[in-house]
Amino acid sequence: MATREEARQAREQKLDELHDTLTGAVERLVTGEDWAAALKFAASFRSRSFNNTLLIWVQHQAAFEQGRVPEPFPTYVAGYKQWQQLGRQVAKGQAGYQILAPVTGRFASSQPADPESWRRLNRGEKPKPGEVVRTRMVGVRPAYVWDASQTSGDPIPEPPAPKLLEGDAPAGLWEGLAGQVRAAGFELMVVPHEGMIHGANGMTDYTARQVAVRENMDPAAQVKTLAHELAHVLMHDPDAEDARQHRGIGEVEAESVALMVGAAHGMDTSGYTIPYVSSWAARVDGKEPVEIVQATGERVRKTAAGILDQLDTIQVGDGTPPGLQKDPAARDSAKQTAPAKAAATQAISRPVSEPVGVPAGRGL
């Protein structure tokens, strides 16, 4: 029979293998045709000014109340001809949303450092030899855009979206994770729906010292979300130096821990985890998604192992025969350590959450 140390090493090796598998899956996803098509489509849309965003929002809300659009929130918006270029056509009778489009002019100067030297070029006029040409905004004009829901035609490419887990949760896993959340000094709340936590599946609030999980999803999804939020509690206290990083890295780490905790209990979370991790990793500027996932490996493995050590649940894949009880003395010692560690945590105002999904323009 394997010794306790051998069992621990076997489990940690499997956790490392899980992380390598996740890295490979993310790489395949972000280099696939669906991902590339979605990025190409999104690149066709220019960012809107704050004022135009408000204009679109108000007019879309009015269209929803009138029954002209199916959802209360706008998605992609573009001009009439731009939609045609993308293989879609504005539906008959759909009124556009009026925005303020910039009017630009071309200016030339032979002495760019002198603000008074710039002159505006007429339409078709060419600059003189040696002159520098720059484009400036000189005014605004009314223009119209339409939401994607007001159009029909070629499918809109979207990156693969996370799919909520279905079915029951492993016996005792919710209770075990909930106990660790409370031991860390956080209150656990189960809320009726995502509207109460900003459209998320779960949320961790360091100021209020609260973890919330929505209950209008299957038990398997609830317990996976709780593992995700517990990882935030343990890893992402904003006072800790390691937590001062791009939010995307924190989301990659938390969801990767949830994958490992789930896998140790025979749960396959890949349908949610891989698209979720890929989307957040892609938001970190200056690095490829695969680099982000690879860099989280050690922190993720240690956190997942620490969570699993404190659970009384039957786990698979750690080298221990199913049903074999862990050493009660070691388990009790670990549980007594957690509250003391949590008492030293300082709360600051930065909630983190596991969003419902990762559609364009919204948080995950």
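The values are calculated or read from the model by the stated rules, or taken from the named source; none is laboratory data. Treat the numbers as computed from the prediction; the structure is a model and nothing was measured. With ideal geometry, Cβ positions are generated from the backbone for all residues, glycine too; neighbour counts draw on all protein chains shown. Accessible surface is based on the protein model in full, side chains and every heavy atom, while ligands, DNA and RNA are left aside. Shrake-Rupley method; radii C 1.70, N 1.55, O 1.52, S 1.80 Å.
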Answer residue from the stretch 217-241, given it is open to solvent by 20 Å² or more (accessible area, probe 1.4 Å) and assigned to a helix (DSSP H, G or I) and is nearest to Pro192 (Cα to Cα) among those: Gln222
Selection from the stretch 57-89 of residues that are at pLDDT below 90, within 21 Å of Ala101 (Cβ to Cβ), assigned to a loop (DSSP other than H, G, I, E, B) and not polar (S, T, N, Q): Pro74, Tyr76, Leu86
Number of positions in the stretch 65-107 that are touching a helix residue (DSSP H, G or I) at 6+ places or on another chain (Cβ under 9 Å) and among the small types (Gly, Ala, Ser): 5
Cross-chain or 6+ apart pairs with Cβ under 8 Å, the stretch 144-155 first and on the phi < 0 side of the Ramachandran plot and open to solvent by 50 Å² or more (accessible area, probe 1.4 Å), then assigned to a strand (DSSP E or B) and aliphatic (A, V, I, L, M): Tyr144/Ile99
Those residues of the stretch 195-212 which are farther than 18 Å from Met235 by Cβ and open to solvent by 30 Å² or more (accessible area, probe 1.4 Å), in sequence order: Gly195, Met196, His198, Ala208
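Conditions tested, residue by residue: (1) in contact (Cβ under 8 Å) with a residue 60 or more places away in the chain; (2) farther than 30 Å from Lys287 by Cα.
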{"site": "Ala184", "(1), (2)": "yes, yes"}
{"site": "Tyr206", "(1), (2)": "yes, no"}
{"site": "Gln222", "(1), (2)": "no, yes"}
{"site": "Pro238", "(1), (2)": "yes, no"}
{"site": "Val261", "(1), (2)": "yes, no"}
{"site": "Gly271", "(1), (2)": "yes, no"}
Residue match in the stretch 24-46 (condition: open to solvent by 90 Å² or more (accessible area, probe 1.4 Å), modelled with pLDDT under 85 and within 26 Å of Arg141 (Cα to Cα)): yes
Selection count, the stretch 90-118, where residues are open to solvent by less than 70 Å² (accessible area, probe 1.4 Å), modelled with pLDDT of 90 or more and part of a strand (DSSP E or B): 8
Scope the stretch 169-194; condition surrounded by fewer than 16 Cβ atoms within 10 Å (Cβ to Cβ) and part of a loop (DSSP other than H, G, I, E, B); matching residues: Ala171, Gly172, Pro192, His193
Hey, Thr135 more than 30 Å from Glu27 (Cα to Cα), among the β-branched types (Val, Ile, Thr) and open to solvent by 50 Å² or more (accessible area, probe 1.4 Å) or not: yes
Contacts under 7 angstrom Cβ, first residue in the stretch 11-40 being more than 19 Å from Arg301 (Cα to Cα), partner buried (at least 16 other Cβ atoms within 10 Å of the Cβ) and polar (S, T, N, Q), 6 or more apart: Leu29/Ser278; Val30/Ser278
Conditions (1) of a type in the set (Ser, Thr, Tyr); (2) assigned to a helix (DSSP H, G or I); (3) at pLDDT below 90: number failed by Thr320: (2)
